[in-house]
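Chemist: Below: one structure in structure tokens.
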Amino acid sequence: MTARRIGTGWLATAGSGDVLSGLGGSLLAAGLSAVDAGSVGAYLHGLAGRLAAEGAPVGAHDVAEAVPGAWRKVLG
């Protein structure tokens, strides 16, 4: 099985890891197992980064604002 790359290099910015850890913590608090919370959090973080970037540099705030759109994309 080949891994599919979801994220973008623009996620390598100050504060982006804080967004990722917030997602993981929220998913743990919602009742997901640690493995599921980590997997789902990483996927959503990467997708939010890609949605926020659209070819331009982004900051952590941009990634955080794109999380609801990433959720909608996954659910819908």
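Readers should treat all values here as calculations from the given coordinates under stated rules, not as data from a laboratory. Computed from a predicted structure; not experimentally measured. No Cβ is skipped: glycine too gets one built from the backbone with ideal geometry, and neighbour counts run over all protein chains shown.
Chemist: Taking the Cα centre of the chain as origin, sum charge times position over the Cβ atoms of Lys and Arg (+1) and Asp and Glu (-1), and report the length of that vector in debye to the nearest 20.
Modeler: Dipole magnitude for the chain comes out near 260 debye.
Chemist: I would also like to ask the following. Please check: in the Gaussian network model of the chain (C-alpha springs, under 10 Å), which one of 31, 22, 59 has the largest mean-square fluctuation.
Modeler: Judging by the Gaussian network model, the answer is 31.
Chemist: Based on the Cα gyration tensor of the stretch 32-76, what are the three equivalent ellipsoid semi-axes, each the root of five times an eigenvalue, rounded to whole Å and given largest first?
Modeler: Working: eigenvalues 80, 26, 12 Å².
Working from the Cα gyration tensor, I get semi-axes of 20, 12, 8 Å.
Chemist: Next question, about the same structure. Regarding the chain, what whole-number volume in Å³ per residue does the convex hull of its Cα atoms give? Show your work: numbers first, answer last.
Modeler: Working: hull volume 7.5 nm³, N = 76.
It is 98 Å³ per residue.
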